[in-house]
Amino acid sequence: MADISTEICGVKLKNPMVLASGIMGVTGSSLANVVSHGVGAVTIKSLGLKPRKGHSCPVISTFKSGMINAVGLSNPGINTGIKEIKKFKDLCDAPIIGSIFAFKRDGYGELAKKISKAEPDLIEINVSCPNVEDEAGTPFALDKKAVYKTTKITKKNTDIPVIVKLSPNSLNIKEIAQACEKAGADAINMGNTLGPGLVINIETARPILSNKFGGVSGPAIKPITMKRIWDIYDEVNIPIIGTGGASCGKDAIEMIMAGSSAVGIGSAVYYRGLDVFEKINKEIKEFMEKNNYSSIKEMIGIAHESKL
Ligand SMILES: Cc1cc2nc3c(=O)[nH]c(=O)nc-3n(C[C@H](O)[C@H](O)[C@H](O)COP(=O)(O)O)c2cc1C
């Protein structure tokens, strides 16, 4: 019987599926509902210090091979987020990842201290949102000094393991990953949406999104995510959550073989529904049994040593 459990920084997951941040919001009950659909861990929508409205609609659109979004980090603020994480923990035992974002480095320290009170299993720092550039400037994830300092200040303010969520836009991802590890990051999530990109409605002759531009996700970005995971696995010794474009068991297995210990699922929830988690787990299990893999651990990074 294939064992599909996995582990991130000592936190045990029943299976490698992680609900990506921003997909099912912040409420404890909606996140707990995802657990009932077979996910291994959930990530709350990124929380900031204050409530934030985000961009006006339309904020999401699909295209042939993926999605584009510019939600603009809308969220109810850290204080409400803390209550919702506690509610989730009352409702179920699955691990929860508390995601935080700030526009200034010190904000991450303050948020890390606050969110730790809710005792999420892991804290993820979103330093890579591509669709708030007007307000936030270049994402910290693209600058190795900025990512180092942001990780360091977060680590200083919490005892909970910290995941740094990076950007597929980074062309120097090895240096960026190294900076994370040096600053004490416990894991890396590779990664956020790619872009910003643009989709135009040809009937109205206008961009579809109110923000015009947005982060690109879904199948279109998977090969980019894959190469970034590959490079990070080569460079550092901390676990990776591979996120960006996975929508079936084969995609998840590819990400694991490139070096991911777990696989984040975002856009696929929109086009395959919440059952996507159970379906992918089943597909992973079937593949493992057919190919004589007994554990996820056996497959992590295996493509790096493959001599076939
Ligand atoms: C509608 C939407 C909202 C998102 N909000 C967040 C967010 O608040 N924080 C974050 O770190 N990532 C956010 N993301 C990025 C996803 O978590 C994920 O990294 C990205 O979509 C790539 O994965 P996918 O191809 O499986 O969707 C969002 C993505 C979408 C589509």
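Remarks
- Of all DSSP bridge pairs formed entirely within the chain, close to 35 percent run antiparallel.
- Of the two radii for the chain, the radius of gyration is 0.94 times the Kirkwood radius, both from the alpha carbons; that is the Rg over Rh value.
- Whether segment 89-179 is rounded, prolate or oblate, judged on the alpha carbon gyration tensor where a/c under 1.5 counts as rounded: prolate
- Within segment 196-272, the GluC sites (Glu not before Pro) that combine a DSSP coil assignment with at most 10 other C-beta atoms in a 10 angstrom radius are GLU203.
- Sites LYS117 and SER210, calculated FRET efficiency, Cβ-Cβ separation with R0 35 Å, nearest 0.05: 0.50
- Spatially, segment 55-83 and segment 96-170 are offset by 17 Å when compared through their Cα centroids.
- Shape descriptor for segment 246-289: Rg over Rh equals 0.95 (Cα atoms; Rh from the Kirkwood inverse mean 1/r).
- Segment THR80-LYS174, extension gain: residue separation times 0.36 nm, minus the distance between their alpha carbons: 30.2 nm
- Computed label-point distance, nm, for sites GLU298 and LYS149 using a 7 Å Cα→Cβ extension: 4.7
- With θ taken as phi - 60° and the Karplus curve 6.51 cos²θ - 1.76 cosθ + 1.60 applied, the whole-hertz 3J(HN,Hα) list for segment 153-167 is 5, 5, 4, 4, 9, 7, 9, 7, x, 10, 9, 9, 8, 9, 10 Hz, x standing for glycine and proline.
- For segment 165-308, the equivalent ellipsoid derived from the alpha-carbon gyration tensor has semi-axes of 28, 21, 12 Å in decreasing order.
- Given LYS250/LYS297; LYS222/LYS297; LYS50/LYS182; LYS12/LYS89; LYS45/LYS113; LYS14/LYS165, the pairs whose alpha carbons are separated by over 20 Å: LYS222/LYS297; LYS50/LYS182; LYS14/LYS165
Just so you know, all these numbers are worked out from the coordinates, no wet-lab data involved. None of the values given here were measured: they were computed from a predicted structure. Cβ atoms come from the backbone with ideal geometry, glycine included; neighbour counts cover every protein chain shown.
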